[in-house]
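Colleague: Below are the structure tokens for one structure; questions will follow.
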Amino acid sequence: TGFASAATSLALGRPADALVKGSAPPAKAAKLEKRTCRTIDECEEVGRQRTAEQFGAQQAFETTKDGVRYRDVAAGSGGAAAAKGASVALKYRVMRLGKRATDNLSGEASPVFSLGYGEDDDSLTDVLKAKVGSGQLIPALDSALVGMTAGGKRRLFVVPEKGWKKINASCSAATNGASNSGEASAGGLDVLGQAVVPLAEIVDNDACIEDTLLPQPRNFGARRRLARRFDEGLLVEVELVGVL
């Protein structure tokens, strides 16, 4: 009896296990955030404020006389400014638009091709030499270089028509019923109900890429990347090495 009494006393004195072996109880549901807007306009403004807090507020930008949007990333050191007819040396990066780029100039961007930064089968000493306003450069870059001084760095948004997309009837979606992404207009359905694509209306992307105006990719991989992106807005970050 003494042993049984001691065992009973020990069992009663031991705290009960809080959890039974197995799955843990589900976590408490998070409390819903209290709504801070009452109208559509108020809610849209709250959304803009939260986006600005998370990704940074939209920064100011300028526009050239030809309608090219740009922002100066670094100021030049002064001296002669690039003007129409001036010969210049420059470095550049061509990039896709970054996420949350509400102004088409902000956000991180993935590269398409570059020159002068050792990123694309090139060296840090490589530069592109061209004459501003002579028709050697894509229109957006030709316009945005005006006013830059040595050491300056400028980021510009390049729409396809002012970049690497040829402007002619064969590459126009409006005239051939197809888009420059390689799609074609529908040609009806066959007996199985599948879409028939008129071969005459398919756009050859390679034939629609501007391959004479500068800058141009220098290797196969870069050319393929541009072939996939030439028909969308791209970022170009240009650094003016000097006015020659």
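Colleague: FRET efficiency for K84 and Y117, Cβ-Cβ distance as r, R0 = 30 Å, nearest 0.05?
Modeller: Values: r = 27 Å, r/R0 = 0.90.
Working from the Cβ atoms, E equals 0.65.
Colleague: Still on this structure, please answer the following. Assuming 0.36 nm per residue, please report the length gained on full extension of the stretch T212 to T63 beyond their Cα-Cα distance.
Modeller: Numbers: separation 149, 0.36 × 149 = 53.64 nm, distance 2.54 nm.
So the extension gain works out to 51.1 nm.
Colleague: Sticking with the crude label model, points 7 Å out along Cα→Cβ, report the distance from E232 to S134 in nm, one decimal please.
Modeller: Each label point is offset 7 Å from its Cα along the Cβ direction, giving 3.4 nm.
Colleague: Kindly flag which residue pairs out of K91/K129; K65/K162; K84/K166 have an alpha-carbon separation exceeding 19 Å in this structure. Let's see the in-between values first.
Modeller: Details: K91/K129 9 Å; K65/K162 13 Å; K84/K166 23 Å.
Pairs exceeding the cut-off: K84/K166.
Colleague: Here is a further query. Taking the mean number of other Cβ atoms within 10 Å as a proxy for protection, how do you rank 90-96, 68-74 from highest to lowest?
Modeller: On the way: 90-96: 22.3, 68-74: 17.1.
Sorting 90-96, 68-74 by mean packing, highest first, produces 90-96, 68-74.
Colleague: Take peptides 155-161, 140-146 and line them up by average Cβ neighbours within 10 Å, highest first, as a rough protection proxy. Mind showing how you got there, number by number?
Modeller: Details: 155-161: 20.6, 140-146: 23.9.
Ranked by mean Cβ neighbours within 10 Å, highest first: 140-146, 155-161.
Bear in mind that the values in this text are calculations on the coordinates, not laboratory data. Predicted model only: the values in this text are computed from it and were never measured. Note: ideal-geometry Cβ built from the backbone for every residue, glycine included; neighbour counts use all protein chains shown.
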